[in-house]
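**Q** Structure below; questions to follow.
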């Protein structure tokens, strides 16, 4: 990913720039190594080792880079900001047409290069749709590729890109492209000594470390703490589960004492049947009123992941994740993947992912879990992140991760209260928090980054301890 070019080797204020000599050196390196240069939309038409050169911002200096590419017979993709075309510092329409006729791909970099994540639906539509239509009208081609301005994107941005017909979406996430995707990471070429070494671009360890740092920078962006209208807790087991030590009355009493308005349970499905589930739901209803509502849930322990069904009408059980999720889709049941781990869990087509769990992940979300969650968007698997507790006894309640709804809920009765809570969760109008951190539905957090690393180290120590205990156990056997 390139932005600007300069003729001589010198420090440039724009970190995403490079001198033209280094750019040509990189092209020669990849040609020597047998790489094929392709446009973004052609990335998967070749089975050879490929490299895709992409250019953002339509800066006038890119025309010089284009001439070098033409000299060496290589292709690439140029992303254009339509509002600046023909201006002093931008490429001209004539140059864009020349690039296109020489085999380059032209893509959209939106109409005005603003942060898409801060836009409402109408503003987002203008940025994506108008830029696409102007380019298509001007060039008489179909525009299929887009580069996200500033690397700022979320689920809504990706969904909107797909809605308006973009098939190839390039972000500023750092990484190699290993699978056929719709959303692609990139290697941001910068004006520093590392990028003067062409072999740097094929170093898996270096790129992996850069990707990790980029991931941390995205998950720890500070946001204003939202106003909370209703508070509750998620992932609670009562004594209807074999290992639960709390009665439903205990849960209600504690929540009312802490001004919590709702609790979402997750009783072990293997401990229940159709009859006991019906009785359980009826008891939850009896203990619910306009002050507090108990929302019943089933936690199904599948072979790969645990899936929580929120307020299902009937009892259900299966050891297959696919069958459980398919059942939820067919019956319109709100479902959540419980206490995920980046080491073992796969991104699932569900409503929420319990990315932070007090019992398994400590007092803060795991950095690797958060990075794993955001990567799921690159596979166009859209869900929201939630924090939970896996509560079984009274001591678990005392330091619970809270769930806050960020919109008002107007309810007429207990059933409408339940539906409105579920609707708010499904639409991402909530956040998870404790005294140190706030986890937002998009997988970003607000809190001290140092505490994240402390939590990560503690979890790593626990993993080492568990492995040692397991090893000693095997030796004793």
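**Q** I'd like to know if segment 42-57 contains one or more residues that are at positive phi and touching a strand residue (DSSP E or B) at 6+ places or on another chain (Cβ under 8 Å).
**A** There is at least one residue in segment 42-57 that is at positive phi and touching a strand residue (DSSP E or B) at 6+ places or on another chain (Cβ under 8 Å).
**Q** Would you pick out the residues in segment 330-341 that are touching a residue at least 12 places away in the same chain (Cβ under 8 Å) and more than 21 Å from the chain's Cα centre (by Cα)?
**A** 331, 333
**Q** Further question on the same structure: Can you find, within segment 118-131, the residue that is modelled with the lowest pLDDT among those that are surrounded by 17 or more Cβ atoms within 10 Å (Cβ to Cβ) and more than 22 Å from residue 86 (Cβ to Cβ)?
**A** Among them, the one singled out is 119.
**Q** On to the next question. Filtering segment 132-157 down to residues that are under 29 Å from the mean Cα position of the chain (by Cα), without any contact (Cβ under 8 Å) to a residue 60 or more places away in the chain and in a loop (DSSP other than H, G, I, E, B), which residue is nearest to residue 84 (Cα to Cα)?
**A** Among them, the one singled out is 148.
**Q** For residue 459, which of the numbered conditions (1) surrounded by fewer than 15 Cβ atoms within 10 Å (Cβ to Cβ); (2) farther than 21 Å from residue 352 by Cβ; (3) at pLDDT below 90 fails to hold?
**A** (1)
**Q** Do we find a residue being farther than 29 Å from residue 229 by Cα, under 18 Å from the mean Cα position of the chain (by Cα) and crowded, with 18+ Cβ neighbours inside 10 Å anywhere in segment 357-366?
**A** No; the residues of segment 357-366 include none that is farther than 29 Å from residue 229 by Cα, under 18 Å from the mean Cα position of the chain (by Cα) and crowded, with 18+ Cβ neighbours inside 10 Å.
**Q** Output the residues belonging to segment 263-291 that are farther than 15 Å from residue 308 by Cβ, surrounded by 12 or more Cβ atoms within 10 Å (Cβ to Cβ) and touching a residue at least 60 places away in the same chain (Cβ under 8 Å).
**A** Selection gives 285, 288, 289.
**Q** Scan segment 379-403 residue by residue and report those that are surrounded by fewer than 20 Cβ atoms within 10 Å (Cβ to Cβ) and on the phi < 0 side of the Ramachandran plot.
**A** Once the filter is applied, which keeps residues that are surrounded by fewer than 20 Cβ atoms within 10 Å (Cβ to Cβ) and on the phi < 0 side of the Ramachandran plot, segment 379-403 yields 379, 381, 382, 392, 393, 394, 395, 396, 398, 399, 402.
**Q** Might you check whether a residue that is farther than 24 Å from residue 152 by Cβ and in the same structural domain as residue 193 (by TED's automatic domain parsing) occurs anywhere in segment 106-118?
**A** no
**Q** Mind counting the residues in segment 405-419 that are closer than 17 Å to residue 384 by Cα and surrounded by fewer than 21 Cβ atoms within 10 Å (Cβ to Cβ)?
**A** Result for segment 405-419: 2.
**Q** What tally of residues in segment 180-202 results from selecting those that are under 23 Å from residue 148 (Cβ atoms) and either free of Cβ contacts under 8 Å to residues at least 60 places away in the same chain or surrounded by 14 or more Cβ atoms within 10 Å (Cβ to Cβ) (or both)?
**A** Residues flagged as under 23 Å from residue 148 (Cβ atoms) and either free of Cβ contacts under 8 Å to residues at least 60 places away in the same chain or surrounded by 14 or more Cβ atoms within 10 Å (Cβ to Cβ) (or both) within segment 180-202 amount to 13.
**Q** Look through 281, 329, 323, 313 and report the one residue that is more than 21 Å from residue 387 (Cα to Cα) and at pLDDT below 95.
**A** 313
Okay, residues lined up against (1) assigned to a loop (DSSP other than H, G, I, E, B); (2) touching a helix residue (DSSP H, G or I) at 6+ places or on another chain (Cβ under 6 Å); (3) closer than 25 Å to residue 385 by Cα:
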residue: 160; (1), (2), (3): no, yes, yes
residue: 172; (1), (2), (3): no, yes, yes
residue: 191; (1), (2), (3): yes, no, no
residue: 195; (1), (2), (3): no, no, no
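**Q** Next up: Can you report the number of residues in segment 73-87 which are closer than 22 Å to residue 38 by Cα and buried (at least 17 other Cβ atoms within 10 Å of the Cβ)?
**A** Within segment 73-87, residues that are closer than 22 Å to residue 38 by Cα and buried (at least 17 other Cβ atoms within 10 Å of the Cβ) number 8.
**Q** Could you check segment 62-72 and list, in sequence order, the residues that are in contact with a strand residue (DSSP E or B) (Cβ under 7 Å, 6 or more places away or on another chain) and surrounded by fewer than 19 Cβ atoms within 10 Å (Cβ to Cβ)?
**A** Matches in segment 62-72: 64 only.
The values are calculated or read from the model by the stated rules, or taken from the named source; none is laboratory data. Quick caveat, the model's predicted, so the values are computed rather than measured. Cβ coordinates were reconstructed from backbone atoms using ideal geometry, including for glycine residues, and neighbour counts include every protein chain displayed.
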